[in-house]
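Undergrad: Take this structure, written in structure tokens, and hold onto it; I'll ask about it next.
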Amino acid sequence: MKKFDTKRITEWFRKQGEKWLTLAKRTRVAVLLAVFVVLGTAIIGTILLNRQSGGYQEIFPGMTSGEAAEVYSTLQQMGANPQIDANQHVLVPTDQWEALVFELNSRGYPRTTLTYDIFNSASGFTATEFQQRQALVQQAQNRMQDTLKRQAGVEDAVVTFNVPETSNYLWGQC
């Protein structure tokens with residue numbers, strides 16, 4: 001292991017300082033300006049990205065107005081700080097979204113909408129019954145997996161449901 005050599009480091013900094021002073025004033029100003037622009041951009045980007053985390057997010061898209069009122073009331077009783085936007089969507093603080101979804105799911109919400117959009121994306125006009133069934137199974141797997149991951153002490157979870165095939169034909173039963 002190399003020993004920490006302060007003399008070599010000091011000498012390197014002295015040489016860099018001498019080189020810096022030999023540069024034209026215009027070059028030094030351009031280098032400093034570039035450094036400040038890069039640092040300023042990084043600081044502003046960090047502030048903007050962190051500011052978004054303090055916003056609000058819709059809790060369950062697609063709820064009926066009656067259920068949205070129930071969810072809003074329940075959230076207030078839970079001590080959350082919900083909001084309702086101009087389109088009557090219930091919004092919650094982004095940093096509390098997962099915990100609130102978990103708690104509301106345990107209380108039976110949502111009743112009128114899906115918490116995930118897997119089924120809706122697989123329920124088009126051309127989707128087969130098999131595709132719709134697979135989408136529902138995948139949705140159930142994802143919901144169970146997310147529920148398990150939210151439990152204290154669970155770092156990761158993989159959920160797979162094995163749904164047996166059924167047949168409505170008599171000779172498939174024999």
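Undergrad: Scan the helices (runs of 4 or more DSSP H) fully inside region 1-109 and keep the ones with 3 or more residues being under 23 Å from the mean Cα position of the chain (by Cα). Quick ask: steps written out before the conclusion?
TA: Numbers: elements: 6-22, 25-52, 65-77, 97-106.
The helices (runs of 4 or more DSSP H) meeting that bar are 25-52, 65-77, 97-106.
Undergrad: Pick from region 83-100 the residues that are touching a residue at least 40 places away in the same chain (Cβ under 8 Å) and charged (D, E, K, R): which of them is surrounded by the most Cβ atoms within 10 Å (Cβ to Cβ)?
TA: Going through region 83-100, the residues touching a residue at least 40 places away in the same chain (Cβ under 8 Å) turn out to be 94-95, 97-100.
Now restrict to residues that are charged (D, E, K, R): 95, 98.
Numbers: 95: 11, 98: 13.
So, considering only residues that are touching a residue at least 40 places away in the same chain (Cβ under 8 Å) and charged (D, E, K, R), the one surrounded by the most Cβ atoms within 10 Å (Cβ to Cβ) is 98.
Undergrad: Looking at region 62-82, which of its residues are loosely packed, with under 13 Cβ neighbours inside 10 Å and not hydroxyl-bearing (Ser, Thr, Tyr)?
TA: Correct list: 66, 76, 77, 79, 81.
Undergrad: For residue 71, all conditions in the list (1) closer than 12 Å to residue 59 by Cβ; (2) at pLDDT below 85 hold save one; what is the number of the exception?
TA: For residue 71, the failing item is (2).
Undergrad: Restricting to region 101-111, name every residue that is open to solvent by 80 Å² or more (accessible area, probe 1.4 Å) and not small (Gly, Ala, Ser). Steps first, answer last, please.
TA: Looking only at region 101-111, we keep the residues that are open to solvent by 80 Å² or more (accessible area, probe 1.4 Å), and these are 106-107, 111.
Scanning region 101-111 gives 107, 111.
The values are calculated or read from the model by the stated rules, or taken from the named source; none is laboratory data. Remember, it's a predicted structure, so these values are computed and weren't measured experimentally. Every residue, glycine among them, receives a Cβ derived from its backbone with ideal geometry; neighbour counts consider all protein chains shown. Calculation scope for accessible area: heavy atoms of the full protein, side chains included, ligands and nucleic acids excluded. Shrake-Rupley method; radii C 1.70, N 1.55, O 1.52, S 1.80 Å.
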